[in-house]
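The values are calculated or read from the model by the stated rules, or taken from the named source; none is laboratory data. Treat the numbers as computed from the prediction; the structure is a model and nothing was measured. As a convention, Cβ positions derive from the backbone with ideal geometry for all residues, glycine included, and neighbour counts pool all protein chains shown. Quick note on the areas: whole protein, heavy atoms, side chains included, nothing else; ligands and nucleic acids left out. Shrake-Rupley method; radii C 1.70, N 1.55, O 1.52, S 1.80 Å.
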Amino acid sequence: MKELQKLLDQLETQIIHFDKSKFSISKSNVGWHIEHSLLTLSAITNSLANSNPKDYKWKFNFIRVIVLTMKKIPRGRANAPKVVQPKEKYSIDSLKDHISKTKATIEELNSMAENKYFKHPVFGNIKLKQTIRFLEIHTRHHLDIIKDILK
């Protein structure tokens, strides 16, 4: 959890660059990557909270194993699901507000049962511990893109 909080702090430091873009790196600007990361963190945390452990079914997933083991998401391979694509115009103030709300939301992860799970569109069902690892990998992935945009 501390790692996820550190990554959120790093996202927060990039807010001042929200309107910067570099199309050779990403078709989206820095603000989009921040907002997408926050939407993802919030949506997945809510999904975990609402999951019913009795409905969990494990199934081997090669892509999940590779991403969680290598701790890397390949760039340009997938599009974000619509539910976590920023829809509203964002600003420095709205991003700061969303960061604060997301920090509070992810605190819920500390008190969740280990058998809560999230159904990822590519990875399938993943339990709490692996979901937290995925959230770290995903957030770091977008921070790396932001760093490359700002180079």
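Criterion first (assigned to a helix (DSSP H, G or I), touching a residue at least 24 places away in the same chain (Cβ under 8 Å) and not β-branched (Val, Ile, Thr)) does residue 103 satisfy it? Break it down into steps so the answer makes sense when it comes.
Working: assigned to a helix (DSSP H, G or I): yes; touching a residue at least 24 places away in the same chain (Cβ under 8 Å): yes; not β-branched (Val, Ile, Thr): yes.
Answer is yes for this residue.
Can you tell me which condition residue 134 does not meet? The list is (1) surrounded by 11 or more Cβ atoms within 10 Å (Cβ to Cβ); (2) not in a helix (DSSP H, G or I), and all the others hold.
Here residue 134 meets the rest and fails (2).
Residues are listed down the side, and each one gets a yes or a no for (1) touching a strand residue (DSSP E or B) at 6+ places or on another chain (Cβ under 6 Å); (2) among the hydroxyl-bearing types (Ser, Thr, Tyr); (3) within 20 Å of residue 122 (Cα to Cα):
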| residue | (1), (2), (3) |
| --- | --- |
| 10 | no, no, no |
| 32 | no, no, no |
| 44 | yes, no, yes |
| 58 | no, no, yes |
| 73 | no, no, yes |
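Among the residues of region 64-103, which ones are open to solvent by 40 Å² or more (accessible area, probe 1.4 Å) and small (Gly, Ala, Ser)?
Answer for region 64-103, where residues must be open to solvent by 40 Å² or more (accessible area, probe 1.4 Å) and small (Gly, Ala, Ser): 76, 78, 91, 94, 100.
Name the single residue that is surrounded by the most Cβ atoms within 10 Å (Cβ to Cβ) among those in region 1-25 being farther than 19 Å from residue 42 by Cβ and touching a Leu at 6+ places or on another chain (Cβ under 7 Å).
The residue in question is 17.
Among what's in region 104-124 and is open to solvent by less than 30 Å² (accessible area, probe 1.4 Å) and over 10 Å from residue 49 (Cα atoms), pick the residue that is farthest from the chain's Cα centre (by Cα).
124
Residue check, residue 139 against (1) of a type in the set (Ser, Thr, Tyr); (2) within 22 Å of residue 21 (Cα to Cα); (3) surrounded by fewer than 16 Cβ atoms within 10 Å (Cβ to Cβ), all met but one. Which one?
The one condition residue 139 does not meet is (3).
Quick one: which of 16, 34 is at pLDDT 95 or above, within 13 Å of residue 142 (Cβ to Cβ) and outside any loop (DSSP other than H, G, I, E, B)? Working first, answer last.
On the way: 16 fails: within 13 Å of residue 142 (Cβ to Cβ).
None of the other options fit; the residue is 34.
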